[in-house]
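Scroll down for the structure; my scribbles are underneath it.
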Amino acid sequence: MEKANKVELKIQGKYALFTDPLTKIGGEKCSYHIPTYEALKGVLSSVYWTPTIVWIIDCVRVMKRIRTQTRSAKPVDYSGGNSLAIYTYLAHVEYQVQAHFEWNMNRKDMAGDRNENKHYFVAKRMIEKGGRRDIFLGARECQGYVEPCRFGEGIGDYDNYGEIAFDLMFHGFDYPDEFGKDELHARFWRPKMIDGQIDFIRPEKCTIRKLVRPMNANPPQSVGLQEEGLFDELDTKTV
């Protein structure tokens with residue numbers, strides 16, 4: 001990788017529900033006060049993703065005051081029927097996010113697709129368009145929206161606020177096709193927000209991990225333009 005390939009975007013939405021996926025089995029849910037690394041990575045992946053790259057979230061800036069709002073829900077029980085539960089969402093959220101991409105070195109079959117300029121400008125164009133797929137802020141019922149921004153510009157509610165420390169919090173998953181092991185791990189860390197900004201540590205720097213379950217990486221294989229007979233087919237269609 002020759003360049004930083006950094007992108008900056010604003011994410012906003014009416015509601016957000018950032019939780020530890022390991023506790024999403026059922027019952028009542030309560031959002032973290034700040035977005036998780038994995039949730040922001042999911043937003044970037046909805047904006048633009050290809051197996052050639054891995055999104056790395058550098059930092060997030062919380063622009064609006066952290067507010068919560070409770071809503072009643074009727075989740076489906078595993079035994080059938082519905083039950084009444086109270087979900088606690090974040091309300092009227094807005095973030096500035098800085099991230100960059102790196103090559104997924106575990107996808108050697110995509111080595112021929114490692115073109116920095118192509119992926120960088122496609123990602124920037126997708127941010128300007130609002131993303132390739134729908135944006136969700138932690139849960140499917142929380143629609144989000146993205147647009148370009150300059151990280152650090154504008155007035156945030158937590159500018160000059162000082163430090164806020166959070167306790168143990170879910171960071172993200174180590175997926176086999178990115179981690180290189182046939183196991184799924186959950187990562188945890190203890191974030192700090194200083195003047196409204198949270199600097200994420202890289203996934204490999206997380207020291208607290210929990211094995212979720214064995215999992216084999218079985219991604220679709222691709223040889224790109226080297227596929228046998230592809231050019232012959234294209235030539236035929238051109239003629």
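The values are calculated or read from the model by the stated rules, or taken from the named source; none is laboratory data. Note that this is a predicted model, so its numbers are computed, not measured. A quick note on method: Cβ atoms are made from the backbone with ideal geometry, for glycine too, and the neighbour counts reach across all protein chains shown. Side chains included, ligands, DNA and RNA excluded: accessible areas come from the protein's heavy atoms. Shrake-Rupley method; radii C 1.70, N 1.55, O 1.52, S 1.80 Å.
In sequence order, segment 10-19 has phi-based couplings of 9, 10, 9, x, 6, 9, 8, 9, 9, 10 Hz under the Karplus curve 6.51 cos²θ - 1.76 cosθ + 1.60, θ = phi - 60°, and Gly or Pro positions carry x. Among Val122, Val76, Val43, the residue with the largest mean-square fluctuation in a Gaussian network model of the chain, with springs joining Cα atoms closer than 10 Å, is Val76.
Counting only protein heavy atoms and a 1.4 Å probe, segment 93-222 has 59 square angstrom of accessible area per residue. Of Cys30, Val60, Asn115, which is farthest towards the positive pole of the chain's charge dipole, taken about the Cα centre with +1 and -1 on the beta-carbons of Lys, Arg and Asp, Glu respectively? Most positive-ward Cα: Cys30. A cut-off of 5 Å between modelled amide H atoms, ignoring neighbours fewer than 5 places along the same chain, links Lys64 with Glu94, Asp157. As a length-normalised measure over Cα pairs under 8 Å and 6 or more apart, the relative contact order of segment 78-230 settles at 20 percent. Each part reduced to its alpha carbon centroid, segment 153-196 and segment 131-150 end up 18 Å apart. The alpha-carbon positions of the chain define a convex hull whose volume is 170 Å³ per residue. Taking the Cα centre of the chain as origin and assigning +1 to Lys and Arg Cβ atoms and -1 to Asp and Glu Cβ atoms, the resulting dipole is close to 740 debye. Considering only Ile11, Ile201, Ile135, the mean-square fluctuation computed in a Gaussian network model of the chain, springs between alpha carbons under 10 angstrom, is largest for Ile201. At most 16 other Cβ atoms within 10 Å plus a DSSP loop assignment makes a site exposed; report the longest stretch of the chain without any exposed trypsin sites (Lys or Arg not before Pro). Within the chain, the longest run free of exposed trypsin sites (Lys or Arg not before Pro) spans 182-239.
Across the accessible surface of segment 75-150, with the other protein chains kept in place and a 1.4 Å probe, carbon and sulfur atoms take up 49 percent.
Here the Karplus curve 6.51 cos²θ - 1.76 cosθ + 1.60, taken at θ = phi - 60°, turns the phi angles of segment 200-208 into couplings of 6, 7, 5, x, 6, 8, 5, 9, 9 Hz, with x standing for Gly and Pro. Residues considered: Pro21, Pro203, Pro219. Largest GNM mean-square fluctuation over the chain, using C-alpha springs under 10 Å, is found at Pro219. For Phe179, neighbours were defined as the other residues whose beta-carbon sits under 12 Å from its Cβ, and their charges (Lys and Arg +1, Asp and Glu -1) total -3. Dividing the summed -39500 (n - 2.57) terms of all DSSP H runs of n ≥ 4 by the residue count of the chain sets its mean residue ellipticity at 222 nm at -4500 deg cm²/dmol. A simple charge model with +1 on the Cβ of Lys and Arg, -1 on the Cβ of Asp and Glu and nothing else charged puts the dipole of segment 78-137 at about 240 debye relative to its Cα centre.
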